[in-house]
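Written out below as structure tokens is the structure these notes cover.
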Amino acid sequence: MLVILAWLTMLLVTLVYAVFYSPDKYDSDIYQQFNVEYIDDTSNVLTIDQVKLLPSTVFEQDKQKVHTPDSMDFSMWYKISTVSNLGYLEPFSVSVDNPTLDIIHFYAINDGQVRFEKVLGDLNTSEYAIDHVSPKVSLFGGMSGATDIFIRIKSNGSTATPVLIESVTDSQYRTSAQLILLGALFGIGMIMVIYNYFMYRGVRERSFLDYICYISATVAAISMINGFSFFIMPSDLAIWSNKNLIVSIHILSLTFAIRFAISFLRFETIKPMFVKTGIYLTNFLFMSALVCVFLEESVSLGFYMGMLIVGYIYAITLLAMVFNSKVVWVRYYLVSWVPLLAGGMLTVGAFNGTVSYNFLTRNGSLLGVLAEICLMAIALLDRFRANQIDREYRMNHDLATGLPNQILLESAIKKVGTGRKPVYLMVFDIPQAKDLIPALGVESANLFFKQLFINIEAYVSTIKETYTFAKDSNGRKYHIVRIDESRFAVMFVGDLEAEELEQNVSAIQNAVSNIINLNGVTMSVSSVAGVACFPDDTREPERLLSTTIQALISGRKSNKKWARFDEQRNIDIQQRFRLAADLQNAIEQGDLELYHQPQIDMVNNKVYGSELLLRWFHPQEGFVDPSLVIDIAEETGVIHQLTEWVIEKGFEQHSKLCKLELRANVSINISGKDFNDNGLVAHILTTAARYNISHETVTFEVTESATADDPEQAKSVLTQLYNQGFKIAIDDFGTGYSSLDYLSQLPFHELKIDRCFMNIDVSERNRTITEVTLSLAKRLGVNAVAEGIENERVAELLTSFGCPIGQGYLYSKPKPFIEHMRWLQDIYKSNRNLELNKPPVE
């Protein structure tokens with residue numbers, strides 16, 4: 001942005017000069033001191049020896065009549081002499097202000113002899129590139145009354161031949177201003193190319209590529225017309241380009257202007273026939289641009305003018321279709337055409353004498369393009385912002401009803417969980433919901449649910465403690481979250497008595513059961529509910545939803561059809577302390593085990609690695625749930641010791657596999673409490689060195705919620721591991737703080753999609769979430785790992801979505817190390833790349 005402002009500042013300075021210091025061509029005091037005459041010799045070519053002898057009566061006066069040749073392939077002479085017989089003794093410059101002319105031959109004649117000559121033009125080489133931007137001669141000693149200047153012009157293309165006579169200083173100022181203007185165009189154009197390239201990389205939208213091509217072609221065309229190409233290309237290449245490519249580049253500019261308009265305004269979705277016509281037209285223009293490379297400029301220029309008329313008719317028709325649009329970025333696009341068209345007409349008028357010729361009018365088209373680029377930058381930015389808002393909306397809302405979804409619910413829980421007020425979450429399940437869609441059809445079922453949630457909203461919006469999840473542009477508030485097809489949630493922030501809580505649940509259930517008339521058919525549904533409170537029922541906000549779901553399960557069995565989370569259902573405190581003491585002994589005695597669950601490269605159908613899973617078989621209690629083991633370890637402070645044991649044992653096993661050439665990745669889970677261990681990173685590094693472990697083969701998995709207690713410390717530890725070459729994975733993605741803000745704060749290589757979403761073979765909603773998550777991972781440049789794959793259909797869908805890595809019972813259950821090693825060895829015997837014998841899922 002600062003760079004663009006710098007360019008615009010220089011542009012403003014140039015315009016100030018143009019307005020205040022660059023007079024009209026005929027208003028120049030110096031110009032009035034000279035006679036400027038011309039003769040067209042296209043049909044009868046004259047030499048300098050012939051033309052210098054011609055009487056003044058055969059010449060036309062430039063001040064009375066602008067030169068208009070009969071064809072684009074023309075030849076002419078200018079004769080310049082002083083009005084006074086005493087001459088003009090001050091330094092001055094004579095410029096032919098059209099760099100596209102092929103040959104510009106200056107002669108100074110005194111006493112019938114050629115005293116000086118200089119050949120310029122875009123088909124001639126010059127020692128200085130500036131001569132191609134401002135073709136001129138400067139007479140620092142003035143000119144005597146006996147001296148005449150003759151200028152022979154021959155060209156095959158543009159017919160404009162404005163002759164300027166001005167002081168050397170003014171000429172230098174004009175040239176400098178012209179260079180600043182061209183430099184500003186080139187600089188801003190390149191900035192916009194780079195800007196749109198990165199925009200394209202981010203969203204992969206065709207319109208950004210079309211605009212890059214349009215800007216490139218337009219900047220190239222104007223640079224060639226104004227001789228600026230000699231500053232950026234070798235002279236021979238610039239001469240060849242000006243001779244063969246100048247018209248083709250203009251046609252390409254028109255082509256991409258049309259293509260950009262179609263893709264930018266998204267006509268492909270509403271005007272298919274109009275778009276098809278535009279595509280045919282632009283394809284024809286592409287071919288025309290190629291053909292014009294081999295045609296004479298005068299022929300190709302006439303063809304271009306015809307195509308320009310056709311292109312403008314198409315563009316004006318296109319603009320008329322969106323003229324009444326209320327969308328901001330469309331309005332910016334419409335406005336951007338005003339300076340473009342006005343500037344082009346101003347320049348054409350200046351060259352053919354319709355309007356006064358000065359620096360501003362001569363560069364009208366260039367200034368128009370600059371203004372158009374700046375306006376389009378605003379339009380593109382606003383359109384990108386609108387797209388981002390739309391994407392955020394789709395990610396955070398249920399598209400069928402417009403209600404906030406689970407992602408927004410989890411974000412809200414995270415937000416209110418930092419406050420001091422208790423948070424009550426109610427989750428309701430409608431048992432009949434899954435039967436409604438097959439029975440009514442998707443459209444009718446959506447109408448039913450919209451009316452159902454309107455009934456519920458009418459009640460919950462009247463309760464002071466009800467939490468507002470979202471608010472739309474019209475000020476409408478949303479107090480309900482739709483979790484999936486059958487579940488929705490309501491949240492209350494503040495103290496609620498048991499009686500109030502029960503009253504609210506019952507009232508919402510009554511609102512659910514209200515009769516709804518749909519297309520003349522009346523129907524009613526029922527609901528069950530679960531309620532949990534933070535911090536009474538769970539000390540971690542991210543567990544509030546899962547705790548409420550547990551209460552919902554109990555509510556199904558209750559006569560009241562709802563239940564409050566009962567902490568007594570958990571393992572009692574004494575048992576947890578006993579298990580904690582036994583856990584510490586198990587760590588010290590090595591009675592724990594690490595199981596390996598393979599992770600499969602789904603693209604190449606080979607073993608990618610394995611995730612280490614903790615297993616504890618208690619002598620009396622038997623198998624202890626791993627999540628309970630972690631909870632106990634975190635509560636009693638044994639977690640650091642447990643993590644060190646897992647790292648030590650995991651690296652030892654990984655080293656053994658590597659020595660057997662069974663090289664694969666290994667994933668190790670880290671608890672959120674481990675981030676408070678100042679020696680964690682050092683322990684990992686020393687253990688990796690002792691077992692000669694390659695850092696890039698180790699992934700440390702951390703859940704989104706694990707960083708909630710101390711986000712800065714978590715970020716610091718993960719960054720250190722990341723910088724040391726270890727991989728970082730965000731585990732259970734989609735069940736914790738799944739937000740773009742969260743992801744942008746942490747370094748990571750992988751996103752692990754939680755198993756709760758792996759019913760994509762039956763849940764369209766989870767299928768959409770999974771597909772969006774995979775797309776997000778791909779655009780972030782990280783791997784995605786799908787957990788909990790249990791059947792072929794799920795694997796097929798994940799493969800079609802482009803999921804790179806998967807794990808689950810479909811491939812293998814978690815195995816003890818020895819069994820896992822043998823499993824890998826069996827694969828290795830048949831294929832050293834660890835490819836599976838089983839054919840890849842298609």
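The values are calculated or read from the model by the stated rules, or taken from the named source; none is laboratory data. These numbers come from a predicted model, not from an experiment. Neighbour counts run over all protein chains shown; Cβ positions are idealised from the backbone, glycine included. Please note that ligands, DNA and RNA were not included when accessible areas were found on the heavy atoms of the full protein model with its side chains. Shrake-Rupley method; radii C 1.70, N 1.55, O 1.52, S 1.80 Å.
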Label-point separation in nm, S473 to Q745, each point 7 Å along Cα→Cβ: 3.0
Quick check: the angle from helix 364-396's long axis to the longest principal axis of the chain, C-alpha only, nearest 10 degrees? 10
Find the all-direction average of the projected area of the Cα convex hull for segment 420-536, expressing the result in square nanometres with one decimal place. 8.0
Cross-link candidates for K815: which aspartates and glutamates have Cα within less than 12 Å, leaving aside residues fewer than 8 places away along the same chain? E593, E611
Angle, helix 406-416 long axis vs. longest principal axis of the chain, Cα atoms, 0 to 90°, nearest 10? 80
Under 23 Å from the Cα of K136 - lysines, other chains or at least 8 residues apart: K25, K52, K63, K65, K79, K118, K154, K243
Rounded to the nearest 20 debye, dipole of the chain from Cβ charges on Lys, Arg, Asp, Glu: 1100
Set of lysines with alpha-carbon distance to K752 below 19 Å, sequence-local pairs under 8 removed: K606, K715, K727, K778, K813
Debye, to nearest 20: dipole size of segment 253-343, +1 on Lys, Arg Cβ, -1 on Asp, Glu Cβ: 520
What do you get for the angle between helix 206-225 and the principal long axis of the chain? Use alpha-carbon atoms, 0 to 90 degrees, nearest ten. 20
For the chain, what is the mean residue ellipticity at 222 nm derived from helices alone (per DSSP H run of n ≥ 4: -39500 (n - 2.57); sum divided by total residues; nearest 500 deg cm²/dmol)? -16000 deg cm²/dmol
So the number of lysine pairs in segment 422-562 with alpha-carbon atoms under 18 angstrom apart, 8 or more residues apart or on different chains, is 4
Order by accessible surface, 1.4 Å probe, largest leading, for residues M143, M307 comes to M307, M143
Could you give the length gained by full extension between T768 and H683, i.e. 0.36 nm per residue of separation minus their alpha carbon distance, to one decimal place? 26.5 nm
The chain: relative contact order as a whole-number percent, Cα under 8 Å and 6+ apart: 7
With all protein chains modelled, accessible area of R663 [1.4 Å, Å²]: 150
Determine the order of Y357, Y722 by accessible area, beginning with the largest, at a probe radius of 1.4 Å. Y722, Y357
If you take every DSSP beta bridge whose two residues both sit in segment 643-737, what share of them, in percent to the nearest 5, is antiparallel? 0
Heavy atoms only, 1.4 Å probe, whole protein assembly: order C533, C374 by accessible area, highest first. C374, C533
Share antiparallel - DSSP beta bridges, the chain, percent rounded to 5: 75
Probe 1.4 Å, heavy atoms of protein chains only: per residue, the accessible area of segment 299-351 in Å² is 54
Approximate spin-label separation V291-Q32, in nm, with each point projected 7 Å along Cα-to-Cβ: 5.2
Which one is right for this structure if Cα Rg over 2.2 N^0.38 Å is calculated from it: [x] 1.06; [y] 1.36; [z] 1.15? [y]
Reported to the nearest 10 Å², I515 has, with a 1.4 Å probe, an accessible area equal to 130
Separation in nanometres of the label points that stand 7 Å from Cα toward Cβ, at D390 and M305: 4.2
Find, among the chymotrypsin sites (Phe, Trp or Tyr not before Pro) in segment 73-175, those assigned to loop by DSSP (not H, G, I, E, B) with at most 14 other beta-carbon atoms within 10 angstrom. Y128, F140
Rolling a 1.4 Å sphere over the protein heavy atoms, what is the accessible area per residue of segment 525-681, to the nearest Å²? 46
Rounded to the nearest 0.05, what FRET efficiency do S235 and F116 give with R0 = 22 Å and r taken as the Cβ-Cβ distance? Could you check? 0.45
Fraction of accessible area attributable to carbon and sulfur, the chain (%, probe 1.4 Å): 55
